[in-house]
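First the structure, in the form of structure tokens, and then the observations on it.
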Amino acid sequence: MRATLGVFAAFAGLLVSAVPVLAHHSFAAEYDAEKMVTLKGTVTKIEWMNPHSRFYVNVKDEKGAVTNWNLELASPNALLRQGWTRRSLNVGDEVTVQGSAAKDGSTMANARVVTLADGRRVFAASSGGDAPPPPVR
């Protein structure tokens with residue numbers, strides 16, 4: 001009985017430790033590095049969480065229709081190392097984002113560079129970009 005309980009506990013521990021791996025994905029599986037987008041709009045939501053932070057932006061097209069884009073960033077820790085703080089981006093801010101569009105054509109992109117409301121450009125530290133971070137002012 002004790003051996004069975006030990007085996008069950010070990011299996012449960014392995015299963016729980018594998019959950020974060022299932023949540024992560026490859027850049028190439030989801031985004032097209034050759035399909036760059038530049039979006040300008042208003043921040044509607046910010047999610048600081050692992051494995052990737054995200055923010056959402058309302059973008060108007062040439063006809064005035066508004067679309068909400070889901071933009072992936074690096075982890076909060078990687079963003080902090082690039083000079084970001086939780087106050088760098090706020091709901092209501094006007095931003096411009098350069099990044100790689102989703103392969104499936106959805107309104108989702110992997111952000112590379114974000115130009116903040118005050119004009120500062122911040123590197124998104126995302127998995128798809130190998131560009132050096134822009135200078136921090």
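Only the coordinates and a few stated rules stand behind these numbers; no lab work does. Please read all numbers here as calculations on a predicted model, not as lab measurements. Please note: Cβ atoms are built from the backbone with ideal geometry, for glycine as well, and neighbour counts cover all protein chains shown.
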The long-range amide H neighbours of Val113, using H built 1.01 Å from N in the peptide plane and a cut-off of under 5 Å, are Gln98, Ala124
Please list, ordered by chain and number, the residues whose modelled amide H lies under 5 Å from the amide H of Leu89; skip anything fewer than 5 residues away on the same chain. none
Pair-distance profile P(r), taking every C-alpha pair of the stretch 26-123, with 5 angstrom steps and integer %: 3, 14, 25, 27, 19, 9, 2, 0
For the stretch 78-90, take each phi angle, set θ = phi - 60°, evaluate the Karplus expression 6.51 cos²θ - 1.76 cosθ + 1.60, and give the result in whole Hz per residue in order, putting x for glycine and proline. 5, 5, 4, 5, 8, x, 6, 10, 5, 9, 5, 10, 10
Highest mean packing first, using Cβ neighbours within 10 angstrom, the peptides 90-101, 33-44 sort as 90-101, 33-44
Relative packing of 103-116, 64-77, which averages over residues the other C-beta atoms within 10 Å, highest first: 103-116, 64-77
I want to check the label-to-label distance for Glu47 and Ser106. Put each point 7 Å from Cα in the C-beta direction and report it in nm to one decimal. 1.0
May I ask you to evaluate 6.51 cos²θ - 1.76 cosθ + 1.60, the Karplus curve with θ = phi - 60°, for each residue of the stretch 102-112 and list the ³J(HN,Hα) values in order in whole Hz, giving x for glycine and proline? 5, 5, 7, x, 6, 8, 9, 8, 9, 5, 10
